[in-house]
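What follows is a short report on a single structure.
Read-outs throughout are calculated quantities, based only on the coordinates presented, and are distinct from any laboratory measurement. This one's a predicted model, so the numbers in the text were calculated from it and none came from an experiment. Note: ideal-geometry Cβ built from the backbone for every residue, glycine included; neighbour counts use all protein chains shown.
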Amino acid sequence: MAYYDDPQFQYSDFWSSREYEHRSELIALDQLLGGRKFTTAVDIGGGFGRLTRWLAGRCQKVYLVEPSVKMRQLARKKLGQSPRIFIRAGQAQDTNLPKSCAELVIMVRVLHHLPNPGPAIEEIRRILKPKGLVVVEFANSLHFMARIKSWLTGRPILPGPVEKRHPGNIAAGTIPYVNHHPVAVQKQLLRQGFRILKILSVSNFRKPVVKKLIPINVLLGLESRSQESLAALYFGPSIFILAQKIDN
């Protein structure tokens, strides 16, 4: 995507003030996958490798698949010359990886760029081995604050994707951002041959005023205890789904 390669856009800077969000996502991955070990995993849209090192600690081989040249260069710098990590050019809809090559796929902070998740989910199914696992994350259109806003304005939350555009100080212009309805994403996974195993509500306390007033370790403790319990309410701004490929 053009904005990730724009020299004025520094995606790594985006995370410099988001330690809570980053660590919340690591908590979610731990809760979903526990102590399981894998032979081969794929990090689709892995960017500069923010989550890839976590994967490498649990897998013999990790493929980071990323369309941005700039992000791949940053990933090589950040991750070094690990013999277990392979950085490849590719997209969510076309990873350029062989069929049935992975036991685990994660796709975090990617669907917010894709109004239609279908092709990406189809590609995940293609590269997963039988009974392979996928962790899919997406921006939640049904989160608690969105429901409050809907109640106050009388505007319903639509079942389809809700596209926004965030102004960016970059030559590529504004950045598209899509919120997805959690029920719609689950239906897509089920239609394309996956079984839903677990759902988590993530980054539940990411409001700036909350992060400013409450120490991060306290917030992360609350986060760890609330991700599963708040999932049934689709409470948080980010939803993580663990699903398993069903053999035909």
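Built from the Cα atoms of the range 2-245, the convex hull projects on average onto 13.1 nm², one quarter of its surface area. Computing FRET efficiency as 1/(1 + (r/R0)^6) for residue 190 and residue 229, where r is the C-beta to C-beta distance and R0 is 22 Å, gives about 0.40. Label separation (residue 31 vs residue 13): 3.3 nm, computed from points 7 Å beyond Cα along the C-beta direction. Ordering 16, 226 from the fewest to the most neighbouring beta carbons within 10 Å gives 16, 226. Under 28 Å of direct C-alpha separation, and excluding same-chain neighbours fewer than eight residues apart, residue 131 reaches these lysines: 37, 61, 99, 187, 198, 245. Neighbour counts of C-beta atoms inside 10 Å place 13, 30 in the sequence 13, 30, starting with the fewest.
By a straight-distance test (C-alpha under 20 Å), which aspartates and glutamates pair with residue 70 as possible cross-link partners, with residues fewer than eight away in the same chain excluded? Residue 70 reaches 5, 6, 13, 43, 94.
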